[in-house]
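Asks: Please see the structure below; I have some questions.
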Amino acid sequence: MELVFFSRQVLCDLDTPLSCYIKMKKAFPDTPAFLLESVEQKERLGRFSIIGFEPFLTFKSVEKEVILKGMIEDRFETENPFLVLKEIFKKFHVSVDGGDIMCHGGAVGYAAYDVVRFFEKIPDLSKKTLDVYDLYLFSTHILCQTPISVSCSFSFFND
């Protein structure tokens, strides 16, 4: 599976990262999205604000069950979801197509504390009290903005 990475500069001198996020959420209301603001030392601005939207791949797991949505649609059991994730990302060969690239995406999400059992042999003494995924990651298109620039880098993948 070859994904071609595109990056284009767009004018955004009248937009803040939050206003860009709101616009993306309005354009893609039914998909997960995020806004990551980088801040250094209290309130000093960091280098990037990153907005992710319209995931092209979602990876979820609960214990040994894996659920894939997007470019790959599947649901199955495995001994180790991390090994499945590693195999999936081996298939993605990204070709960069010119342009000035501020940043480009990967997977964003979380890993719950209990996934340590896939790395270490420890007893499972926990009780499942929350109905949440152990792993939840998604790969998205992104909009990257810097506090000192009047343009944003709009990056997306096309297969």
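Asks: Please indicate, with yes or no, whether at least one residue in the range 18-29 is at pLDDT below 80 and surrounded by 12 or more Cβ atoms within 10 Å (Cβ to Cβ).
Replies: no
Asks: Can you pull out the residues in the range 115-138 that are over 17 Å from L85 (Cα atoms) and either acidic (D, E) or part of a helix (DSSP H, G or I) (or both)?
Replies: Passing the criteria: E120, D124, D131.
Asks: Taking the residues in the range 81-114 that are in contact with a His (Cβ under 9 Å, 6 or more places away or on another chain) and not in a loop (DSSP other than H, G, I, E, B) as candidates, determine which candidate is modelled with the highest pLDDT.
Replies: Only one residue tops the list, namely V94.
Asks: Can you go through P55, P32 and tell me which one is closer than 26 Å to C144 by Cα, at pLDDT 80 or above, within 17 Å of the chain's Cα centre (by Cα) and not in a strand (DSSP E or B)?
Replies: P32
The values are calculated or read from the model by the stated rules, or taken from the named source; none is laboratory data. For clarity, every value in this text was computed on a predicted model and none was experimentally measured. Virtual Cβ from ideal backbone geometry, glycine too; neighbours counted across all protein chains shown.
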